[in-house]
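The values are calculated or read from the model by the stated rules, or taken from the named source; none is laboratory data. The structure displayed is predicted, hence computed values, not measured ones. In this analysis, Cβ positions are derived from the backbone assuming ideal geometry, glycine residues included, and neighbour counts consider all displayed protein chains. With ligands, DNA and RNA removed, areas are computed over all heavy atoms of the protein, side chains included. Shrake-Rupley method; radii C 1.70, N 1.55, O 1.52, S 1.80 Å.
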Amino acid sequence: MQTLLAGYRKFRSEVWRPDPQRFAELAKGQQPQTLVISCSDSRVSPTTIFSAQPGELFVVRNVASIVPPYETYAGHHGVSAAIAFAVVNLKVARIVVLGHEHCGGVAAARATGTITTPFVSQWVSLLEPAIHACGHGSDHIAVEQESVRLSVQRLLTFPFIVERMEKDGLQLIGAHFKISDGTLSVLDLPTQEFKQVAD
Ligand SMILES: [Zn+2]
């Protein structure tokens with residue numbers, strides 16, 4: 001806890017104190033332009049990777065950065081609710097699905113039947129089509145990247161997303177972050193290949 005409080009005090013002195021007006025403005029409401037769907041992994045922070053300020057990114061994090069399919073049965077659709085709020089209410093201009101290297105969630109999806117952590121197997125089973133598409137023995141990064149492609153495709157099953165794409169040019173973006181060297185690759189939609197972003 002001491003580490004967290006020291007971090008909080010650093011935030012107060014270095015972020016809040018120099019610009020309290022910014023927070024007073026943010027208190028009136030948020031207008032983020034980007035929805036990021038990222039992994040819960042502590043090593044992959046979208047705000048750090050994109051050097052974003054408070055109010056800029058609307059972030060949904062879950063195990064393995066998964067976009068579930070559009071489902072209409074009455075359930076607790078937490079990820080879909082966040083996507084809907086960002087797209088319908090906040091009217092974000094783009095959605096970024098951010099996968100990453102050494103993703104334990106993707107590894108869990110590949111280790112079917114051996115994961116005993118509550119809820120995890122069921123959740124990551126949503127990646128089955130990506131694992132299937134890559135085939136057995138594929139490189140782990142290839143499966144992580146295929147999982148991003150799958151999640152981007154799944155965004156297209158949400159009618160309100162397609163509607164905003166057609167009406168307002170809402171952009172869908174896939175990305176993959178390499179923890180080991182801090183590089184980001186972005187999915188090129190026409191070729192479906194990931195291309196590393198230049199420094
Ligand atoms: Zn992960």
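The figures follow:
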read-out: Pick from the range 95-133, criterion assigned to a loop (DSSP other than H, G, I, E, B) and within 20 Å of Ile173 (Cβ to Cβ), ranking: farthest from the ligand (Cβ to nearest atom); value: Glu101
read-out: Of all residues making up the range 48-81, the number that are of a type in the set (A, V, I, L, M), open to solvent by 20 Å² or more (accessible area, probe 1.4 Å), in a loop (DSSP other than H, G, I, E, B) and within 26 Å of Ala108 (Cα to Cα); value: 1
read-out: Flag for Ser147 being free of Cβ contacts under 8 Å to residues at least 40 places away in the same chain and among the hydroxyl-bearing types (Ser, Thr, Tyr); value: no
read-out: Those residues of the range 131-159 which are open to solvent by 40 Å² or more (accessible area, probe 1.4 Å) and touching a His at 6+ places or on another chain (Cβ under 8 Å), in sequence order; value: His140, Ile141
read-out: Among (1) open to solvent by 60 Å² or more (accessible area, probe 1.4 Å); (2) within 27 Å of Gly174 (Cα to Cα); (3) not hydrophobic (A, V, I, L, M, F, W, C) - the single one Lys10 does not satisfy; value: (2)
read-out: Some residue of the range 22-36 being within 14 Å of the ligand (Cβ to nearest atom) and either loosely packed, with under 11 Cβ neighbours inside 10 Å or part of a strand (DSSP E or B) (or both); value: yes
read-out: Subset of the range 37-46 that is touching a strand residue (DSSP E or B) at 6+ places or on another chain (Cβ under 9 Å) and open to solvent by 60 Å² or more (accessible area, probe 1.4 Å) - its residue that is nearest to the ligand (Cβ to nearest atom); value: Ser40
read-out: Whichever residue in the range 161-190 is open to solvent by 70 Å² or more (accessible area, probe 1.4 Å) and polar (S, T, N, Q) and, among such residues, is nearest to the chain's Cα centre (by Cα); value: Gln171
read-out: Single condition Ser125 does not satisfy, out of (1) more than 30 Å from Ala27 (Cα to Cα); (2) without any contact (Cβ under 8 Å) to a residue 60 or more places away in the chain; (3) in contact with a Pro (Cβ under 8 Å, 6 or more places away or on another chain); value: (3)
